[in-house]
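Reading through the structure tokens given below for one structure.
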Amino acid sequence: MTLLGQFALWAAFLLGLWCAVAGFSGRWRGRPDLTQSVTRAVYGICVALLVAAACLWKALLTHDFSVEYVWAYTSRNLPTYYVISAFWAGQKGSLLFWALVLSIFASAAQALSSRRHAALLPYVAAVTSSVVAFFVSVMLFAANPFERLAFTPLDGRGLNPQLQNVGMTIHPPMLYLGYISITIPFAFAIAALLSRRLDTGWIHAIRKWTIVSWMFLSVGITLGMWWAYVELGWGGYWAWDPVENASLLPWLTMTAFLHSVMIQEKRGMLKRWNLGLIVGTFMLSIFGTFITRSGVIASVHSFTQSNVGYFFLGFLILAGAFGFTLLQTRWHLLEPEAHLESMVSREAAFLFNNLLFVGIAFSVLWGTLFPILSELVRGTKITVGPPFFNRVNVPLGLMLLALTGVGPLIAWRRASASNLRRQFTLPLGTGAVVAAALLAAGMRDAYAVIAFALAGFVAGTVAQEFFRGVRARRRIHGEPLPRAFIRLVGRNRRRYGGYIVHVGILIYCVGFAGMAFKREREATLKPGESVELRSPYGHTYRFTHVGISQYQALNRIVSAATVQVERDGKPEGVMTSEKRQHFTVENGEKVPSFEPSTEVAIRSGLREDLYIVFAGPVNGTEEAVYRFTINPLVWWIWYGGLVLVFGGIITMWPGGGHPVPVTRQAPAAYGAALVGAGEPS
Amino acid sequence: MTRSDPVDRRGFLLAIAGIAGAAAAGALGAQTPGALPGSGPAGSLGDPTAAGRPQAPTTARDDDAEIQAIEKRLRCTCGCTLDVYTCRTTDFSCTYSPQLHREVLELRDSGMTGQQIVDAFVKRYGEQALMAPEPHGFNLAGYLVPGTLVTLAGGAMLWILGRRSRHAVPAAAVAASDVRPVEATPEELARLRRALADSDA
């Protein structure tokens with residue numbers, strides 16, 4: 001099977017090269033025979049990579065430890081679902097996974113794109129195939145998943161216990177799907193530049209791809225935070241680690257694009273900026289891969305250091321040079337069709353929103369690379385950790401949250417004073433009431449108060465938009481409330497789906513702000529001993545150590561420390577945190593395969609999470625060291641993610657029509673009069 | 001050899017009841033509160049090596065907010081990229097962070113302030129010992145460049161867009177010259193607004 005897999009990789013590589021050459025030259029020279037062969041070659045690459053993937057999965061599932069990758073990431077006693085997910089657990093397998101998914105996306109782009117975009121498709125095929133060919137070349141020449149060992153070991157090394165978590169079976173694929181799908185909008189952007197078809201056609205072609213990509217990135221990042229929270233045991237979910245930052249960067253620029261593209265669709269402005277954002281986002285996705293796989297920056301998440309980083313660095317430079325040079329040569333074709341008419345307009349709000357998104361992306365990138373820069377300039381190694389990122393990014397993030405509420409309230413083109421009064425009164429009032437209530441309740445953390453108040457402001461904005469829309473439908477069509485609501489959303493999915501996404505974001509922000517009120521303490525307890533911890537809401541939790549039990553489960557020995565929990569004297573049940581010692585069996589003996597891992601006990605609620613970590617025993621007895629933490633509002637982050645995904649699905653649900661340019665909504669004179677009178681957009 | 005007297009049924013049942021009672025009393029005695037909080041030795045684990053690295057009992061000083069605040073500014077040297085406090089309370093297999101914690105406590109005991117302890121760590125381990133660089137010298141660039149660039153870009157945008165929007169002739173105004181003015185009553189305008197609001201919804 002490994003030979004077949006190897007052959008399939010070579011087939012995919014050669015087809016990718018053919019596709020790249022024939023795609024560019026066929027379209028350039030007007031050779032339909034070549035362009036047709038390119039489409040077929042895209043499907044051929046996909047088939048070849050499916051065969052390669054099937055070979056690797058077969059090797060994993062049959063425990064073929066003669067394959068180095070299978071030996072390095074699995075063992076005979078590893079549960080089957082982790083054997084399957086081991087496909088993307090290591091460097092080599094994840095490269096194959098990346099190439100496979102990209103080839104599927106590339107085929108889907110060819111098969112599902114409208115015939116209106118047929119002229120772009122050969123170039124799209126050429127770009128996507130070039131990227132696939134690059135990934136396959138990395139496998140063939142530097143990180144081959146089918147590499148064989150000189151002998152066949154009896155068992156494998158097993159999977160890192162921290163990767164033996166359901167979150168890690170979903171989080172990496174989601175993040176990869178996000179990173180990978182960015183290639184499709186990039187390919188369309190390059191195709192539009194090469195073919196000089198720079199109207200809004202390419203934007204319509206990539207609309208759903210960009211939302212899909214953004215959603216996968218969002219879900220991947222959120223699942224990553226969830227995994228870090230439940231598995232790593234440090235009581236947090238985001239540490240500004242370089243690899244975490246690398247996943248955030250394309251998300252930020254993609255989010256900026258999703259906003260700025262609306263200005264291009266409505267007003268024909270920001271064409272250059274949008275193309276720049278797409279090229280930049282693609283580069284940042286490759287940059288993230290480079291950071292993760294090169295070991296150039298220290299990170300707890302990095303793959304094993306290897307020379308694949310140089311491949312990615314070279315590709316990053318090449319892709320950036322190609323993309324931005326092409327953009328520069330087409331600069332004159334990208335003149336805006338309209339100019340900003342007023343600083344008090346939705347266009348201006350979106351411009352500042354873009355400035356902040358890109359500004360935050362820059363500051364994250366700057367902080368991530370600053371240790372390298374410092375070493376280059378001063379020869380001194382430094383660490384840039386959470387205190388730096390929080391200090392620089394929290395103010396920018398709060399400004400962005402404010403703009404999330406401001407944007408939907410301002411009319412396109414020009415907003416009048418009466419429009420502003422009418423639109424802002426309720427949301428500002430909501431924010432002010434929230435701030436006053438929190439201050440009256442004794443909250444003194446300035447950033448938290450501002451964040452909650454802004455969340456109230458954004459909630460007020462969204463509620464007002466829904467309320468007015470529903471009211472208009474009820475008044476004109478006489479519809480009952482639920483039907484008016486459903487039709488309101490259904491007839492303008494993009495707009496109201498977007499508002500739901502905003503609600504998801506504000507829920508995230510509430511969750512983030514809650515961490516300002518975290519409470520924690522360590523304690524050493526013998527069975528029967530207790531410790532108390534006061535929650536930020538004023539409750540007193542009492543934790544009583546019950547004891548430690550040990551048992552064997554599948555591929556590990558579990559030491560389970562149980563704590564009885566009471567809140568204000570009322571029993572709340574028991575919580576159990578574990579230490580797990582994974583082992584492999586050699587000559588009938590259990591041999592520890594990794595350092596013992598920790599399983600956190602978490603009781604999650606709307607207001608706060610109880611988070612208990614069993615640190616270890618004292619002197620081999622049941623006397624245990626614990627860390628008890630109360631994390632307020634963390635639940636909101638995970639459910640904010642669900643709301644965000646729900647909103648994203650609504651925005652990309654088929655139907656609902658394309659947005660109408662604002663100049664075509666009404667005869668110009670009426671438009672001007674109504675804008676002056678303060679009509680909502 | 002003499003034969004012992006046979007045990008009658010009553011004696012046998014009493015003996016059984018006595019044994020059962022003694023066993024129950026023993027069992028209950030093991031669970032009485034007196035044997036619980038810290039009054040007796042904690043039971044030994046069957047396999048202590050499987051329960052993680054042995055821990056030293058924590059003290060009140062481990063929970064000291066001031067010590068924690070200092071340790072959150074210091075980086076663990078084990079390569080985990082976490083601060084000393086987070087590492088010692090998370091990665092329980094790390095041997096570096098407990099040692100660094102002890103160093104912090106020793107320095108505190110010698111009368112040093114938080115800043116002096118941080119400075120001592122920088123002197124001992126280099127600037128890399130800090131979770132974030134001190135904002136002076138070249139490090140200032142790290143803190144100031146993003147905010148300055150965003151501010152400058154925002155200012156430039158305001159200036160350029162302000163100029164353009166002042167000079168821009170609204171498209172609608174240009175178009176208005178080509179459109180015959182429409183006389184409309186306030187009621188008609190209100191109806192039109194409602195219709196537009198509906199189409200917008």
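Can you work out which of the residues in region B:92-101 that are open to solvent by 40 Å² or more (accessible area, probe 1.4 Å) and out of contact with any Ser or Thr (no Cβ under 7 Å at 6 or more places or on another chain) is farthest from the other protein chains (Cβ to nearest Cβ)?
Within region B:92-101, the match that is farthest from the other protein chains (Cβ to nearest Cβ) is B:Gln99.
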With the first residue restricted to region B:128-145 and required to be facing chain A (nearest Cβ under 7 Å) and in contact (Cβ under 8 Å) with a residue 24 or more places away in the chain, and the second required to be assigned to a loop (DSSP other than H, G, I, E, B) and among the small types (Gly, Ala, Ser), Cβ contacts under 7 Å at 6 or more apart or on different chains are B:Met131/A:Gly385; B:Ala132/A:Gly385
May I ask you to verify whether A:Ile500 is within 28 Å of A:Met652 (Cα to Cα), open to solvent by 10 Å² or more (accessible area, probe 1.4 Å) and aliphatic (A, V, I, L, M)? yes
Unmet criterion (only one of (1) away from chain B (no Cβ under 11 Å); (2) over 25 Å from B:Leu152 (Cα atoms); (3) assigned to a loop (DSSP other than H, G, I, E, B)) for A:Glu337: (1)
Residues that are assigned to a helix (DSSP H, G or I) and either within 32 Å of the chain's Cα centre (by Cα) or closer than 21 Å to B:Met131 by Cα (or both): does region A:412-422 have at least one? no
Which of the residues spanning region A:86-98 are open to solvent by less than 10 Å² (accessible area, probe 1.4 Å) and either over 19 Å from the mean Cα position of the chain (by Cα) or outside the structural domain of A:Ala133 (by TED's automatic domain parsing) (or both)? A:Ala86, A:Phe87, A:Gly90, A:Gly93, A:Leu96
Which numbered condition A:Ala516 misses (of (1) part of a helix (DSSP H, G or I); (2) more than 27 Å from A:Gly397 (Cα to Cα); (3) more than 9 Å from every other protein chain (Cβ to nearest Cβ)): (2)
Taking A:Ser418 as meeting all but one of (1) more than 27 Å from A:Ser285 (Cα to Cα); (2) without any contact (Cβ under 8 Å) to a residue 40 or more places away in the chain, write down the number of the exception. (2)
From the residues in region B:46-67 that are open to solvent by less than 20 Å² (accessible area, probe 1.4 Å) and under 21 Å from the mean Cα position of the chain (by Cα), which one is farthest from A:Gly547 (Cα to Cα)? B:Ile67
Anything in region A:11-55 that is open to solvent by 10 Å² or more (accessible area, probe 1.4 Å), in a helix (DSSP H, G or I), over 19 Å from A:Val138 (Cβ atoms) and small (Gly, Ala, Ser)? List them, or say none. A:Ser25, A:Ser37, A:Gly44, A:Ala54
In the list A:Leu400, A:Leu454, which residue meets the criterion of being in contact (Cβ under 8 Å) with a residue 40 or more places away in the chain, crowded, with 17+ Cβ neighbours inside 10 Å, of a type in the set (A, V, I, L, M, F, W, C) and assigned by TED's automatic domain parsing to the domain that holds A:Phe357? A:Leu400
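Taking region A:525-539, which residues are part of a strand (DSSP E or B), within 11 Å of chain B (Cβ to nearest Cβ) and open to solvent by 30 Å² or more (accessible area, probe 1.4 Å)?
Let us first name the residues in region A:525-539 that are part of a strand (DSSP E or B), namely A:525, A:530-534.
Those still in the list that are within 11 Å of chain B (Cβ to nearest Cβ) too: A:525, A:530-531, A:533.
A:Ser530 - this is the single residue of region A:525-539 that is part of a strand (DSSP E or B), within 11 Å of chain B (Cβ to nearest Cβ) and open to solvent by 30 Å² or more (accessible area, probe 1.4 Å).
Yes or no: A:Gly158 open to solvent by less than 10 Å² (accessible area, probe 1.4 Å), within 19 Å of A:Met215 (Cα to Cα) and out of contact with any Asp or Glu (no Cβ under 9 Å at 6 or more places or on another chain)?
Numbers: open to solvent by less than 10 Å² (accessible area, probe 1.4 Å): yes; within 19 Å of A:Met215 (Cα to Cα): no; out of contact with any Asp or Glu (no Cβ under 9 Å at 6 or more places or on another chain): yes.
So A:Gly158 does not fit the description; no.
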Can you tell me which condition B:Val84 does not meet? The list is (1) open to solvent by 20 Å² or more (accessible area, probe 1.4 Å); (2) more than 7 Å from chain A (Cβ to nearest Cβ); (3) not aromatic (Phe, Trp, Tyr), and all the others hold. (1)
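What's the total number of residues in region A:340-351 that are facing chain B (nearest Cβ under 7 Å) and either farther than 13 Å from A:Val406 by Cβ or open to solvent by 10 Å² or more (accessible area, probe 1.4 Å) (or both)? Don't jump to the end; show me each part of the working.
Applying the first criterion (facing chain B (nearest Cβ under 7 Å)) to region A:340-351 yields A:340-343, A:348, A:351.
Still in the list and also either farther than 13 Å from A:Val406 by Cβ or open to solvent by 10 Å² or more (accessible area, probe 1.4 Å) (or both): A:340-343, A:351.
So the answer is 5.
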Among residues of region A:597-619, those that are more than 28 Å from the chain's Cα centre (by Cα) and open to solvent by less than 10 Å² (accessible area, probe 1.4 Å), counted: 5
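Out of all the residues in region B:43-60, is one or more assigned to a strand (DSSP E or B), at the interface with chain A (Cβ under 7 Å from one of its Cβ atoms) and free of Cβ contacts under 8 Å to residues at least 12 places away in the same chain? Don't jump to the end; show me each part of the working.
So in region B:43-60, the residues assigned to a strand (DSSP E or B) come out as B:44.
The next check asks that each one be at the interface with chain A (Cβ under 7 Å from one of its Cβ atoms); those that pass are B:44.
In the following step, the residues that additionally are free of Cβ contacts under 8 Å to residues at least 12 places away in the same chain were identified as B:44.
Checked region B:43-60: at least one residue is assigned to a strand (DSSP E or B), at the interface with chain A (Cβ under 7 Å from one of its Cβ atoms) and free of Cβ contacts under 8 Å to residues at least 12 places away in the same chain.
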Only one of A:Arg521, A:Arg542, A:Arg483 is assigned to a helix (DSSP H, G or I) and surrounded by fewer than 22 Cβ atoms within 10 Å (Cβ to Cβ), namely A:Arg483
Applying the selection to region A:367-383, what residues are more than 7 Å from chain B (Cβ to nearest Cβ) and among the polar types (S, T, N, Q)? A:Thr368
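When you look at A:Ala59, is it part of a helix (DSSP H, G or I), at pLDDT 95 or above and in contact with a strand residue (DSSP E or B) (Cβ under 8 Å, 6 or more places away or on another chain), yes or no?
yes
Would you confirm, using the coordinates I've provided, whether A:Val489 is over 20 Å from A:Val600 (Cβ atoms) and within 14 Å of chain B (Cβ to nearest Cβ)? Walk me through how you get there before you give the answer.
Numbers: over 20 Å from A:Val600 (Cβ atoms): yes; within 14 Å of chain B (Cβ to nearest Cβ): yes.
The answer is yes for A:Val489.
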Which residues, taken from region A:306-321, are open to solvent by 20 Å² or more (accessible area, probe 1.4 Å) and either touching a residue at least 24 places away in the same chain (Cβ under 8 Å) or acidic (Asp, Glu) (or both)? A:Ser306, A:Asn307, A:Phe311, A:Phe315, A:Leu316
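Being within 28 Å of the chain's Cα centre (by Cα) and in a loop (DSSP other than H, G, I, E, B), is that true of even one residue in region A:568-585? If you could, list the steps in order and put the result at the bottom.
At the first step, the residues of region A:568-585 found to be within 28 Å of the chain's Cα centre (by Cα) are none.
Among the residues of region A:568-585, not one is within 28 Å of the chain's Cα centre (by Cα) and in a loop (DSSP other than H, G, I, E, B), which makes the answer no.
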Filter region A:599-623 down to the residues that are over 15 Å from A:Val531 (Cβ atoms), within 7 Å of chain B (Cβ to nearest Cβ) and assigned to a strand (DSSP E or B) and list them by number. A:Gly616, A:Pro617, A:Thr621
Would you check if A:Val279 is modelled with pLDDT of 90 or more, touching a Gly at 6+ places or on another chain (Cβ under 9 Å) and open to solvent by less than 30 Å² (accessible area, probe 1.4 Å)? yes
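How many residues are away from every other protein chain (no Cβ under 12 Å) and surrounded by fewer than 16 Cβ atoms within 10 Å (Cβ to Cβ) when one looks only at region A:545-563? Before the answer, list the steps.
Going through region A:545-563, the residues away from every other protein chain (no Cβ under 12 Å) turn out to be A:554-555, A:562-563.
Those still in the list that are surrounded by fewer than 16 Cβ atoms within 10 Å (Cβ to Cβ) too: A:554.
Summing the residues that are away from every other protein chain (no Cβ under 12 Å) and surrounded by fewer than 16 Cβ atoms within 10 Å (Cβ to Cβ) in region A:545-563 gives 1.
So which helices (runs of 4 or more DSSP H) are wholly in region A:77-147 and hold at least 3 residues that are at pLDDT 95 or above?
Values: elements: A:80-85, A:91-112, A:121-141.
Qualifying helices (runs of 4 or more DSSP H): A:91-112, A:121-141.
Suppose we filter B:Leu130, B:Leu152, B:Leu140 for residues that are at pLDDT 90 or above and open to solvent by 80 Å² or more (accessible area, probe 1.4 Å); which single one remains? It would help to see each step written out before you state the result.
Details: B:Leu130 fails: open to solvent by 80 Å² or more (accessible area, probe 1.4 Å); B:Leu140 fails: open to solvent by 80 Å² or more (accessible area, probe 1.4 Å).
Result of the check over B:Leu130, B:Leu152, B:Leu140: B:Leu152.
The values are calculated or read from the model by the stated rules, or taken from the named source; none is laboratory data. Bear in mind that the values here come from a model prediction, so they are computed numbers and not experimental data. Glycine gets a Cβ as well: all are built from the backbone with ideal geometry, and neighbour counts include every protein chain shown. Accessible surface is based on the protein model in full, side chains and every heavy atom, while ligands, DNA and RNA are left aside. Shrake-Rupley method; radii C 1.70, N 1.55, O 1.52, S 1.80 Å.
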